[in-house]
Amino acid sequence: LISSPKFGERWARHWLDVARFGESHGFEQDYDRKFAFHYRDFVIRSFNADMPYDEFTRWQIAGDELAPDDPMAMMATGFLGAGVYPTQITISEAERIRYDAMDDMLGTIGSAMLATTIACARCHDHKYDPISQKEFYQMRAFFESDLQLKERKLGKLTVRVMHSGKPIKTHLSVRGDFRRQGDVVSAGYPAIALPANMKPKQGQRRELAEWLTRPDNALAMRVLANRLWQQHFFVPLATLESFADFSSSDAF
């Protein structure tokens, strides 16, 4: 079964659900995404090639920064833009859509790779969520220098990748409203996973990806083990709510 190409298709389906993958944009128009299959094919090929999970994770968050000349790495970053996106917007809505897109990317990284619901922290601290509002915006700062997508030609393959531009200051949004700017924050890692005392040097997505997959950041690896266990035996080792207790190195 493992040697069959169907293996990758079968198991990729589980990850694509986690990654909120769709082949259309959603919302009212729900236009087709003609190039969405590139990310889907990356996931299938990764499973069939037995790609290490740390590399699988890093490439989805920052493949364009880590391996800019590798078509597979470019395809992997489709993870970031796999969520719903309005295709008919006015100039006045562009800034709101930009922030919503970044928050969607961040929320999916939290749920898919840390089994942690962090999206509520966009608006306020929450007594049941392990991520504070300040930490949410510190994580979003890793994406702040990116808006736009640009097309890049790699042989016969044309892919759309995140284009890193000039860093932009990240402001904490008062009650989640991007028009009400609060304190300026710099890129930083949340305390939910170890090592919590690390600080990024440049605030690039690759730093977030590398921190997330460090050997001493046990939470991300335990999340994957839990997902695999659930798919094989139908009952997870731990529920979503209990993963906040697994941030210490001696847990599980």
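For the pair Ile89 and Arg20 in one chain, pulling the backbone fully straight at 0.36 nm per residue adds 22.7 nm over the alpha carbon distance. Site pair Glu28 and Phe234 shows an inter-label distance of 4.3 nm when each label is modelled 7 Å from Cα along Cα→Cβ. The length gained by stretching the chain between Ile2 and Gln202 to full extension, at 0.36 nm per residue less their Cα-Cα distance, is 68.0 nm. Placing unit charges on the Cβ atoms of the charged side chains and taking the dipole of the range 2-62 about its Cα centre, the candidate lying farthest along the positive direction among Trp15, Ala36, Pro52 is Pro52. For Ser173, the amide hydrogen comes within under 5 Å of the amide hydrogens of Gly182, counting only partners 5 or more places away or on other chains and with H modelled in the peptide plane.
Using the Cβ-Cβ distance between His171 and Asp50 with R0 set to 30 Å, the FRET efficiency from 1/(1 + (r/R0)^6) comes to roughly 0.10. Percent of Cα pairs in the range 37-125 per distance bin of 10 Å, from zero to the largest separation: 16, 40, 31, 12, 1. What the Cβ-Cβ distance of Phe37 and Arg98 gives, at R0 = 30 Å and to the nearest 0.05, is a FRET efficiency of 0.75.
A short reminder: the numbers here are calculations on the coordinates, not readings from a lab. All values reported here derive from a predicted model rather than from experimental measurement. All Cβ positions, glycine included, derive from the backbone under ideal geometry; neighbour counts span all protein chains shown.
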